[in-house]
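The values are calculated or read from the model by the stated rules, or taken from the named source; none is laboratory data. Please read these numbers as outputs of a predicted model, since none were measured by experiment. Every residue, glycine as well, gets a Cβ built from its backbone with ideal geometry; the counts of neighbours run over all protein chains shown.
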Amino acid sequence: MAVLEYREVTKLYGGVAALDGVDLTIEPGRIVGLLGPNGCGKSTFLKLACGLLAPTAGEIEICGGRPGQPATHAQVSFLPERMAVPVWMTAAQLVDFYQDFYGDFRRDVALQMLSDLHIDPALRVREMSKGTREKVQLILAMSRAALLYLLDEPIGGVDPATRDYILSTIIANYNPEASVIVSTHLIADVEKLLDEVVFLQNGQVILHDEVDHLRESRGMSVDALFREVFKC
Amino acid sequence: MKWQFSSDVPIYAQLIAQIQTTIVSGTWPPGERLPSVRDLAAEAGVNPNTMQRAMTELERQGLVYSQRTAGRFVTEDRARIEQARLQCAQRQIQTFLDGMEQLGYTREEIRLLVEQETKGES
Amino acid sequence: MLKKLLKQEFLATTRVMGILYLVMLVLAMGNQLLVNSLGELGELVRALILLMAMACGLATVPVMIVRFKQNLLGDEGYLMLTLPVSVHQHLWSKLIVSAVWSALSALMTALALNIIRYGSEGADMPLISINGTPLTFGGDGLLVAELVVLGLVGVCTICLQFYAALAAGHGFSRHKMLLSAVWFVGLNAATSLLIELLPSPDLHFRGNLMADVHQAVWLIIAGTAAVGAAYYAITVYCLQRHLNLS
């Protein structure tokens, strides 16, 4: 059964379509890249999936339920593209917070990752650099054993070494029942990680295919294909 | 092992080629137990499904075999490894010849050049 | 889950409320030192300090409303509204915390006022009095309890009116705060209109003053709670169906 299914989903912002009749199904065990230029609807797509936005038309099914229900929230780990954790909390308090609310939270994994990335648990979010804040949010999201991970630009603001660490974390967390959707414009970095890619343009899915199939049939990397498709 | 990927060939095909090299070169000797798919995928930075696909193909080729509980091993059939080694060599030579032909060398010229080049080394 | 939310709410609001209470107490204590040394000017300063101390007490509701907007409709909403928690639990945790802080603020304000009064003329007069005659509620403990309930229900309803207006206004894609204000005014108008239109209840005054007062207070509590329930329904509907976090 699909972990995420969009049926003719449209989202209008004041008459302008951020998402336009999207039909998409994501199967379990897949790592999917949601790719497209800025403003193509990537964030809107993810926010609709976790119920932070209501679709103007169409239907969304996520982990067998509707978006925005407590039961689906319990199975979906969402990493927003902005800072959403309260700035007055320390990393350790955030770990407690996640453990309080999420039954699938793995405290040991979170603490290990904090120590791997040299983040002091006693540090308040307010006192952290932008990059460290992003790492903390990502650690919290990845430390859950969720059925679906929705990661909005998870590697945008971190250095290449951390980027590698984060990507290997996503692989190490891989679970054949679970799926990961990563939105990014840094395609070269994530390409090897992906099973399939979805190209979004002006709110529409213009391409949805397996990475290896694309490389085989087009004779180029997804990164190169992206540059060709979205040539300015 | 070092993993390197070029951009235009499917990743699973590149994984197969690189693991073949590791086996025929003896880096992974016959009978050696392989790391888990997940660990290998994390090491290479690739999708675990892709690594799984490469392993399935290597199993089909008879270079590795899996035991239900114990894991996956390099084959102990040395003749099979030798055969694969020869295939790898033939592929290398073919690539080399194609490149030389593009430069406009005839087979005879190539043979002479190779002889000259290897004489100094031995 | 409600328990966990409450824990989080108290953790988050204690710092702000703690500062408010501290300011109140410092003002009240400072008043004692100032007034005696300032002479003529002292009375003016006293009046100012009195006002400021009361403002701190009254700040509770605005603090709770800002907390609602920041925590659910701002960036933190991305975290809070994707927790495995229902909108009802979110709202109840906010209401309970608001009620608790309001009650505590009332006590703190009374304490501050008493400190300020201490040593001044008429300090021996009771705090609540009509022309020097203490208002004792006729020694009726029940009435005091009823007034406390009314106060708490009232605070919740005021909060809910702001919550409903904010939640509705933030359902739009643009001009969220302006539209929230429009919604607030609209809710106000609709509520007064409804109260006008509804037939006034047929009260049976039994000639017994206290019994009548009890009856009236309960009626006001019920009416306030009904209005609050309507605002609650609007807030839940907006948060569940028309969320539009930017």
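For this structure, a couple of remarks:
- In summary, helices (runs of 4 or more DSSP H) completely within segment B:1-100 and bearing 1 or more residues that are under 21 Å from A:P176 (Cβ atoms) and polar (S, T, N, Q) occur at B:48-60.
- Filtered by the rule that a residue be outside any helix (DSSP H, G or I) and facing chain A (nearest Cβ under 9 Å), segment C:46-73 gives no residues.
- Checking each residue of segment B:49-60 against the condition of being more than 30 Å from A:D164 (Cα to Cα) and free of Cβ contacts under 8 Å to residues at least 60 places away in the same chain gives at least one match.
- The sole residue among A:V136, A:V125 that is crowded, with 20+ Cβ neighbours inside 10 Å and of a type in the set (A, V, I, L, M, F, W, C) is A:V136.
- Condition met for B:A54 (modelled with pLDDT of 90 or more and aliphatic (A, V, I, L, M)): yes
- Wholly enclosed strands (runs of 3 or more DSSP E) of segment A:1-117 bearing at least 2 residues among the charged types (D, E, K, R) and more than 11 Å from chain C (Cβ to nearest Cβ): A:4-13, A:16-26, A:57-62
- Of the residues making up segment A:9-42, those that are in contact with a strand residue (DSSP E or B) (Cβ under 6 Å, 6 or more places away or on another chain) and either among the hydroxyl-bearing types (S, T, Y) or farther than 26 Å from A:K231 by Cβ (or both) are A:V9, A:T10, A:K11, A:T25, A:I26, A:P28, A:R30, A:I31.
Table: residues versus (1) in contact with a strand residue (DSSP E or B) (Cβ under 7 Å, 6 or more places away or on another chain); (2) surrounded by fewer than 15 Cβ atoms within 10 Å (Cβ to Cβ).
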residue: B:Q14; (1), (2): no, no
residue: B:A17; (1), (2): no, yes
residue: B:I23; (1), (2): yes, no
residue: B:R33; (1), (2): yes, yes
residue: B:N49; (1), (2): no, no
residue: B:E57; (1), (2): no, no
residue: B:Y65; (1), (2): yes, yes
residue: B:Q87; (1), (2): no, yes
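- Looking across segment A:56-72, the residues that are in contact (Cβ under 8 Å) with a residue 40 or more places away in the chain, under 26 Å from A:G14 (Cα atoms) and surrounded by fewer than 19 Cβ atoms within 10 Å (Cβ to Cβ) come down to A:T56, A:A57, A:G58, A:E59, A:E61.
- Test: residue in segment C:208-223 that is farther than 27 Å from A:L12 by Cα and touching a Phe, Trp or Tyr at 6+ places or on another chain (Cβ under 6 Å): yes
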